[in-house]
1. Name the lysines eligible as straight-distance cross-link partners of K17: C-alpha to C-alpha under 21 Å, and not fewer than 8 places from it in the same chain.
2. List the lysines whose Cα lies under 18 Å from the Cα of K56, skipping any in the same chain that are fewer than 8 positions away.
3. Amide H to amide H under 5 Å from N173: which residues, 5+ apart in sequence or cross-chain, H placed 1.01 Å off N in plane?
4. Can you give the log10 of the normalised intensity I(q)/I(0) at q = 0.13, 0.14, 0.17 Å⁻¹, computed with Debye over equal Cα scatterers of the chain?
5. Can you give the convex hull volume per residue for the Cα atoms of the stretch 132-185, as a whole number of Å³?
6. At q = 0.28 Å⁻¹, work out log10 I(q)/I(0) for the stretch 84-134 with the Debye formula, treating every Cα as an identical point scatterer and leaving solvent out; two decimals please.
7. Where a ≥ b ≥ c are the square roots of the eigenvalues of the C-alpha gyration tensor, would you call the stretch 16-60 rounded, which needs a/c under 1.5, or, failing that, prolate if a/b is larger than b/c, or oblate?
8. Tell me, what is the percent relative contact order of the stretch 59-159, built from C-alpha pairs under 8 Å that lie six or more residues apart?
Amino acid sequence: MPRLPLHTIESAPESAKPFLANAVKGSGYLSNLLATLAHAPAALEAYVTLSALNAKSSLTLAEREVVQIVAARTHGCTFCVAGHTALGLNKAKLSPDLVTAAREAEALPDARLEALARFTEAVIATRGRASDEALEAFQAAGFSAAQALDVILGVSLASLCNFANNFAQPPLNRELEAYRFEPKG
């Protein structure tokens with residue numbers, strides 16, 4: 001049961017309506033995350049703005065989706081794991097085996113993306129104080145210092161949506177049902 005009612009475009013505060021309308025235009029449906037964030041138009045705008053900035057980062061779409069799946073799993077946001085599973089498979093064209101490994105905290109079958117996943121976990125676990133060894137392993141996989149900061153950008157975006165979903169507990173959209181995530185154990 002959601003803690004907050006889900007807004008529609010019609011019920012949302014005026015300043016949130018353009019963001020919701022653009023989201024529907026882009027995806028064909030209103031994500032329950034956005035329907036929740038509409039309660040706080042500044043939070044909704046922050047999410048949309050940070051998403052756009054994250055899309056301009058030096059990480060590829062596939063790399064950004066690995067960061068988002070790992071962060072969502074780490075933060076316990078099953079809604080975001082499902083949403084980024086859909087994006088990872090359908091837009092970023094990640095392999096199903098790789099997405100499953102990211103969802104289940106297993107070793108990724110791609111060494112570069114595995115290093116990215118482990119660095120993302122280190123950034124979250126240490127609140128940004130990742131060890132020199134974690135950074136060295138990340139850079140040994142071919143990532144730059146700028147990309148380390150772009151991982152932090154991605155984690156920032158993930159934290160906003162993961163924490164909002166964990167707080168508000170919106171139901172999973174039916175469009176994401178095929179990607180539902182239930183953590184093991």
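1. Straight-line reach from K17, under 21 Å: K25.
2. Once the sequence-local lysines are set aside, what remains near K56 is K91.
3. Amide H neighbours of N173: N32.
4. -0.65, -0.75, -1.07
5. Dividing the Cα hull volume of the stretch 132-185 by its residue count gives 162 Å³.
6. Log-scaled intensity ratios, in q order: -1.03.
7. Here the stretch 16-60 falls in the oblate category.
8. Here the relative contact order equals 33 percent.
Quick note: the coordinates plus some simple rules give every number you see, no bench work behind them. Just so we're clear, the structure is a prediction, and the values are computed from it rather than from any experiment.
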